[in-house]
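The block underneath contains the structure these notes are about, expressed in structure tokens.
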Amino acid sequence: MLKLMRDNLKSLSWVLAFVVATFVFATFADWGGKGNWMGGGAGGGDWAAQVNGETIPARELLNKARNLDSYYRSLLGESYNQNTLNLQIGQQAINQLVQERVILEHARELGLVATPQEISRSIQTDPSLQNESGFIGKDRYKALLRSSGIDTATYEGEIGRQILRRKWAQLLTADIAVSDDQVAREVRRQDETADVVYAQFQSGAFAEDIVITDADLAAFYGEQEERYSRGEGRSFDLVMFDRLRAQSRIDVSEEEARAQYDAALASRFTIPEQRRASHLLIKTLSGAQDSEYQAARQRAAAALERARNGEDFAAIASELSEDTTAANGGDLGFFPRGVMAIPFEKVVWSMENTGDISDVVQTQFGYHIIQLTGIQEAHLKSFDEVRDELEKEIAFTKAGDQVRLDAEALVEAVRTNPVGFLDETARRSIVSSDSGIVHQGEPIVGIGVNPEVERALFSLAPDEISAPLPIARGYLVARFRESSPGGPPPLDEIRDTVESDLRRERAEARALARAREVAAATADKDLAAMGEEMGFETGNAAGVRHGNPVGTLSTDPALEDAIFSAEIDQVQGPLELPGGPVVFTVTSRVEVGDDEIKARAAEVRQTLLAGRRQKLLAAVTRELSRQADVAYNTALIQQLDSPTQASSGS
């Protein structure tokens, strides 16, 4: 329940996140669409992105980012600051906004609309806008919006977009179906169990006394040369322009830091008022009978009476609450406005003193009793508090610009100066290094495996110098010095690797032979008893289910199929698995009958349908995003995602 409440970012109902939050929360930049990361000045411009010609205003990105930030603050609590470097609030926010735009555009192309009548009906049936007699009424509805600082037209526009996204999802998934056979297989997958005794023969246990002679090694390598064959090797002269080293030489003035502080004051350093509360929840289910609602309310009222009579609130919540927070005495931690369901939030912010206990409060989750346990006033972080952070950010940005310019200057000088690469680096007091022979797919010393850099280096002509190549540390400039032929290397060069491979293969052959010996000897006997007699270890796995590990064995489809089809008490195997061959016996199995399949068919069918719908919608959204023409105001996004993120990942 708490997670759903905290997903309720700046909205009156959890349903506003229906499609985007459930189906398409993925990283657009990773999809490699037509997007281009266009800068817009130092946080400049009043736009965040343009999607197929439609502008996403900067204020919309800032609102979305602020809501995400509030969500993470509430979710992570005291650990929030330790995690901010990995959150990329700006990136997440712009991804969601772009995805919403491409979905809505596609919906309109399909002829879908949200009528005023549908918007009105959605509002009037919103569980968070109901009282004992039904919808709270137009006047109170508008008053609630005003008290939350939400414009009516803006809110109803979002309701319309939510309806449009829901229609889009329903239209695209209307033809998805699940057969009776698929339902039956899924019920069996979920409910069938087996008890298994097994023995695995790991190759490592058979490797100790293996002796490999030079003749053995030469013969094995001669048979396996193609296995070790490599493509063309290249060697390069490399120059690294290290951003962090450059950063250590950059001084940032107080004026620069103050300018960045002032520019980011509203978006980064304004900490809104937060309140801490504990609650007790008596759940209600959508579609429950009136009598069930009444019974839940009576239970909540009884709990309220106990709290008002002086009993410890946390103890009552631990005893009665049906929320996961019961384990913590109902504590929700600190949270800002715009995070909880509207009726819940309205009550929390109407309380004046810590310790106050609310009346019974109804939300779409059920009936709550709330205790206010803390108030943290809104405040600004002072310049002195964040000065070091800002100076590091500015220095990091300047260092990135500086090393890029230094790399570009070296490339330009070498390309226009006949003295050559090494002479020019020496003249500039730049240290170059020898890459050694590099083969495609292998790590480069000081860089590691970097496909983009590798593609650039292996596209160079002899003696050609590369353009500045971005790497984690800054920029790389390389000159292709010479090539070496491909093919299998001399045995002496990779002797250790070849010997390790031969030793492993021989150990695996021994392990398989031992497993076959055991399987033959125990064909009609007790596997565990034979283990004691023959000196091998056995394991027991009770209640094994489809898709789950079998004791210490890893999950494997072949093993799973064998377990759920084998005859009881018959030794099976050996099965050759990644960890070593396995011999096993199924000692008992709980199978699913037709009656159970029929009883669970409706529930399982809905689960399978939901999963397939989700998968389809995610795939469609990825394709729409790939095809979209998107431009980004990267300066604005980077203003939300501190440059120290890049530093931490370098």
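Values quoted throughout were computed directly from the atomic coordinates according to the rules given, and no laboratory measurement underlies them. The structure presented is a predicted model; accordingly, all values stated were derived computationally and were not measured. Glycine gets a Cβ as well: all are built from the backbone with ideal geometry, and neighbour counts include every protein chain shown.
Take the Cα of Arg59, step 7 Å toward its Cβ, do the same at Ile176, and the gap between the two points is 3.7 nm. For the pair Ala295 and Thr152, a Förster radius of 41 Å applied to the C-beta separation gives a FRET efficiency near 0.70, rounded to the nearest 0.05. According to the calculation over all Cα-Cα pairs in segment 562-631, the P(r) per 5 Å bin from zero is 3, 12, 11, 9, 10, 9, 13, 14, 7, 5, 4, 2, 1 %. Taking a ≥ b ≥ c as the square roots of the eigenvalues of the Cα gyration tensor, segment 123-255 is classed as oblate, since a/c reaches at least 1.5 and a/b does not exceed b/c.
Can you tell me how much longer the chain between Val445 and Ile271 gets when fully stretched, taken as 0.36 nm per residue apart minus their C-alpha distance, in nm with one decimal? Once the chain is fully extended between Val445 and Ile271, it gains 58.2 nm. Can you run the Rg to Rh ratio on segment 273-377? Use alpha carbon positions and the Kirkwood inverse-distance Rh. Taking Rh as the inverse mean 1/r over Cα pairs, Rg/Rh reads 0.95. Stretching the chain fully between Arg387 and Ser235 yields a gain of 50.2 nm (0.36 nm per residue, less the alpha carbon separation). Across segment 273-377, C-alpha contacts under 8 Å between residues 6 or more apart give a mean separation that, scaled by the residue count, equals a relative contact order of 44 percent.
To the nearest whole percent, what portion of all C-alpha pairs in the chain is separated by more than 31 angstrom?
71 percent
Dimensions of segment 357-408 based on its C-alpha atoms, expressed as ranges along the principal axes with the largest first, amount to 67, 28, 10 Å.
Spin-label model, Gln124 to Ala302: label points 7 Å out along the Cα-to-beta-carbon direction sit 3.7 nm apart.
Placing a label point 7 Å from the Cα of Arg473 along the Cα-to-Cβ direction, the residues of segment 245-267 whose backbone N falls under 14 Å from that point are 245-247. Look at His379, His439 and count the other Cβ atoms within 10 Å of each Cβ; fewest to most, that gives His379, His439.
Ranking of Trp47, Trp168 by neighbouring Cβ atoms within 10 Å, starting from the fewest: Trp47, Trp168.
Per-residue ellipticity at 222 nm, computed for the chain from helices alone with -39500 (n - 2.57) per DSSP H run of at least four residues, works out to -15000 deg cm²/dmol. Cβ crowding within 10 Å ranks Ile369, Ile163 as Ile163, Ile369, fewest other Cβ atoms first.
Annotation: amide H-H contacts under 5 Å for Ile444 (H modelled 1.01 Å from N, sequence separation of 5 or more, or interchain): Val449, Asn450.
Using R0 = 51 Å, the C-beta based FRET efficiency linking Ala207 and Ser565 works out to 0.95.
Annotation: peptides 251-259, 359-367, ranked by per-residue average of other Cβ atoms within 10 Å with the highest first, follow the order 359-367, 251-259. Normalised by the number of residues in the chain, the average gap of Cα pairs under 8 Å and 6 or more apart makes the relative contact order 30 percent.
Within segment 440-549, the chymotrypsin sites (Phe, Trp or Tyr not before Pro) that combine a DSSP coil assignment with at most 16 other C-beta atoms in a 10 angstrom radius are Phe458. For Arg230, nonlocal amide neighbours, meaning residues 5 or more places apart or on other chains whose placed amide H falls under 5 Å from its own, are Gly487.
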